[in-house]
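The values are calculated or read from the model by the stated rules, or taken from the named source; none is laboratory data. These figures come from a predicted structure and were not determined experimentally. With ideal geometry, Cβ positions are generated from the backbone for all residues, glycine too; neighbour counts draw on all protein chains shown.
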Amino acid sequence: MGSSSGCTHTVELAEIADEWSSEKPSDHLSHDDPGVQDGTWHCPRESLDDFDKCVFHLSPAERPDNINISQEFLTQLAEANTIKEPHRRRRHQQFIDVEFNQFNLRGQVIGKSGRSYVDFRYSRFANVDCSRAEFRQRMLFSHCTFVGRDDIDPQIEDPTTRYDFSDIKSILFRSVDFHSSVKFTQSRFEGPVRFHSNQYDRYVSFKGVNFQYPADFEMSEFSRMAAFQGAEFQSGARMCATKFDAYAWFAEHYAGGPMFWYGSRFRNDATFDDAVFADTVSFEQVSFEFTAEFFDVQVTGELNCEGMRADTVFFEPEPTGEIQYINFVEAEINGGEIEQPRSGAAVYDFTDSVLGDVLFTDERSRHLLGWIKFHRTRFDGFDFSDSDDLDPAAANYCIHQLADEARAVVTGSDTTSTHEDLVTTYVYAKNASSEAGNSVAAGSFFYWEMLYRRKGHWDRMFSEERSMLHRIYDFTHWVRNGLMGMITGYGEHPDRVVYTSIGTILLFSGIYATSETVLPSTSFVAALVFSIQSFVTLIFGDVTAGTSVLTRFFSSIQGFLGAFLIALFVFTLTRRVHR
């Protein structure tokens, strides 16, 4: 098949854009690559008989019908790997700027272990099926184009669950084992692609890749660094149940369609800085075992982090001028910092979540608690002190009320709270503050807890589902709770005991002064003095009109109330001082 003349196919070196640097390698051909002379790469192979090019650089229409280009690749790669001289071996491992009208490596073992790459740069692939293949050698698919079928129109079955990939057969890298590093840097996928259930043992790069159709990375495992920096998912992707054992780099990526990460696991740091979420993005049930960074992310679609587990999260959305809703329902975050955008606002929903050592910050002066939904939220190591911009003291420690604009965008949880829900919320907040030694916050949260317990008793009093006996029982609880709140502020307001005591003294003064039966012919001043003495000492004062049994009865009642209120005052004052 070969001739004595060499293949005339050449590739001019591309002009590398200024934005590419050592931190953003382009993977273009360079002067250091084998076969490059004077800025031009030359094919190392012999041309076919009656042609001036090799079998790979002929167009698909020009190739002889008896040539299977996929099998020809496997044959020539095997021959190249037998070459002892490293430079020549690398030359014959180059399949640069080839048009593969088919690339069927299904179930094949490709290459052998070694340091050199099988180089496909600038190639074009159609009818790709590498399912269950085993790539033992380094693969370089950078700046390639993968063509899909025009008759496939992938649809989304359910925006919250999955794509329908059942009929997608155009670009298949399914159940593939990549034992060495593989690079798809700056490549383009013009059809739906499946990287489903793949194993990546070494470094993998999808940096700058353009996925025009949905991409499927579901149930894959990345053992080393996975670089998706700058990737563009024009129609979204599925990353569900995917495992990242090393650093996951998703900075500056663009999600133009729904992105689903359901159940994925990040066992090392993950970076999503400067990403653009233009459509629904779901991190439901995702586990971040180290640090996850979301600095300057642009959220214009729905961001769902329901059930997420994270050791440390840094989240700072890019300003959009609009109100963004971030769903952290049932999430568990051990630490980190969550910020408000510099313009507009973000509503963070932590319904049924667990918050550890998390800071909430805002560069602007506003009531930050009005943009965070605490609803049955558990706090484990969370500090309600004024060390960040949360400032619960300025809101009188009322942590459950959202701003009107924030309430209007909440969609991931109940928009209303029952009194039982509010009791649960403040019990969790009280316990967390007590554990943190923040007694002031603990006392204030206890006040709100008891307030909503009283309102809960009131609701149950009129519930037709409860028996009359239970409703009477609820009434007694409501009365006791109400009296405790009115008289002592649930042990948090000693001033209310003072006001109650003054009212009691004045009430009995009026009784003594106006009743001829209790203290006949007594002036109001004398009655006031007698009332004070009875309240404080439980001993009768010097009343000129004498003392009757009825006088002693009223005085005894007042004395009992006085002793009780004095004891309450001492208790609440001591409690307040200790706060």
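If you go through region 26-55, how many residues are among the polar types (S, T, N, Q), assigned to a loop (DSSP other than H, G, I, E, B) and surrounded by fewer than 18 Cβ atoms within 10 Å (Cβ to Cβ)? Show your work before the answer.
Residues of region 26-55 among the polar types (S, T, N, Q): 26, 30, 37, 40, 47.
Next, from what is left, pick out any that are assigned to a loop (DSSP other than H, G, I, E, B): 26, 30.
So of that shortlist, the ones also surrounded by fewer than 18 Cβ atoms within 10 Å (Cβ to Cβ) come out as 30.
So the answer is 1.
With the condition kept exactly as written, say whether any residue in region 222-237 is modelled with pLDDT of 95 or more, surrounded by fewer than 20 Cβ atoms within 10 Å (Cβ to Cβ) and aliphatic (A, V, I, L, M).
Looking for residues that are modelled with pLDDT of 95 or more, surrounded by fewer than 20 Cβ atoms within 10 Å (Cβ to Cβ) and aliphatic (A, V, I, L, M), one finds at least one in region 222-237, hence yes.
Every residue in region 443-472 that is in a helix (DSSP H, G or I) and free of Cβ contacts under 8 Å to residues at least 24 places away in the same chain, please.
Across region 443-472, the qualifying residues are TRP458, ARG460, MET461, MET468, LEU469, HIS470, ARG471, ILE472.
Which one of these is modelled with pLDDT under 55, more than 30 Å from the chain's Cα centre (by Cα) and either surrounded by 15 or more Cβ atoms within 10 Å (Cβ to Cβ) or over 18 Å from ALA241 (Cβ atoms) (or both): ASP167, ASP153?
ASP153
State which residue is nearest to the chain's Cα centre (by Cα) when the search covers only region 171-211 and only residues that are closer than 23 Å to GLN108 by Cα and among the β-branched types (Val, Ile, Thr).
VAL204
Restricting the search to region 217-233, which residues are more than 20 Å from MET139 (Cα to Cα) and touching a strand residue (DSSP E or B) at 6+ places or on another chain (Cβ under 6 Å)?
GLU218, GLU232, PHE233, listed by residue number.
Considering (1) over 20 Å from ASP362 (Cβ atoms); (2) touching a residue at least 12 places away in the same chain (Cβ under 8 Å), say which one ARG480 fails and leave the rest.
Checking ARG480 against (1) over 20 Å from ASP362 (Cβ atoms); (2) touching a residue at least 12 places away in the same chain (Cβ under 8 Å), the one that fails is (2).
Determine, yes or no, whether GLU363 is surrounded by fewer than 16 Cβ atoms within 10 Å (Cβ to Cβ) and under 25 Å from PHE277 (Cα atoms). Outline the logic, then answer.
Working: surrounded by fewer than 16 Cβ atoms within 10 Å (Cβ to Cβ): yes; under 25 Å from PHE277 (Cα atoms): yes.
Answer is yes for this residue.
Could you grab me the full set of residues in region 352-362 that are part of a loop (DSSP other than H, G, I, E, B) and at pLDDT 95 or above?
Step one: of region 352-362, the residues part of a loop (DSSP other than H, G, I, E, B) are 352-353, 362.
Hits for region 352-362 are ASP352, SER353.
How many residues does region 193-246 contain that are closer than 20 Å to VAL276 by Cβ and part of a loop (DSSP other than H, G, I, E, B)?
The qualifying residues number 16.
Scan region 414-435 and tell me whether some residue there is out of contact with any Lys or Arg (no Cβ under 6 Å at 6 or more places or on another chain), farther than 21 Å from GLU449 by Cα and at pLDDT below 90.
No: zero hits.
Can you go through SER365, SER385, SER433 and tell me which one is assigned to a helix (DSSP H, G or I) and of a type in the set (S, T, N, Q)? Talk me through it step by step, then tell me what you get.
Values: SER365 fails: assigned to a helix (DSSP H, G or I); SER385 fails: assigned to a helix (DSSP H, G or I).
Checking each option against the conditions leaves just SER433.
Just the residues that are of a type in the set (D, E, K, R), assigned to a strand (DSSP E or B) and under 16 Å from SER142 (Cα atoms), please, taken from region 91-129.
If the condition is that a residue be of a type in the set (D, E, K, R), assigned to a strand (DSSP E or B) and under 16 Å from SER142 (Cα atoms), then GLU99, ASP119, ARG124 are the ones that fit.
Pick out the one residue from ASP388, ASP349 that is among the acidic types (Asp, Glu), touching a residue at least 60 places away in the same chain (Cβ under 8 Å) and under 27 Å from GLU289 (Cβ atoms). Talk me through it step by step, then tell me what you get.
Values: ASP388 fails: touching a residue at least 60 places away in the same chain (Cβ under 8 Å).
Selected residue: ASP349, the only one of ASP388, ASP349 that is among the acidic types (Asp, Glu), touching a residue at least 60 places away in the same chain (Cβ under 8 Å) and under 27 Å from GLU289 (Cβ atoms).
Quick one: how many residues across region 131-150 are assigned to a loop (DSSP other than H, G, I, E, B) and at pLDDT below 95?
4
Looking only at residues that are in contact with a helix residue (DSSP H, G or I) (Cβ under 8 Å, 6 or more places away or on another chain) and among the small types (Gly, Ala, Ser) in region 104-122, which one is nearest to PRO34 (Cα to Cα)?
SER116
Only one of (1) surrounded by 16 or more Cβ atoms within 10 Å (Cβ to Cβ); (2) in contact (Cβ under 8 Å) with a residue 12 or more places away in the chain fails for LEU58. Which number is that?
(2)
Go through (1) more than 15 Å from the chain's Cα centre (by Cα); (2) in contact (Cβ under 8 Å) with a residue 12 or more places away in the chain for GLU332 and report which single condition fails.
Single failed check for GLU332: (1).
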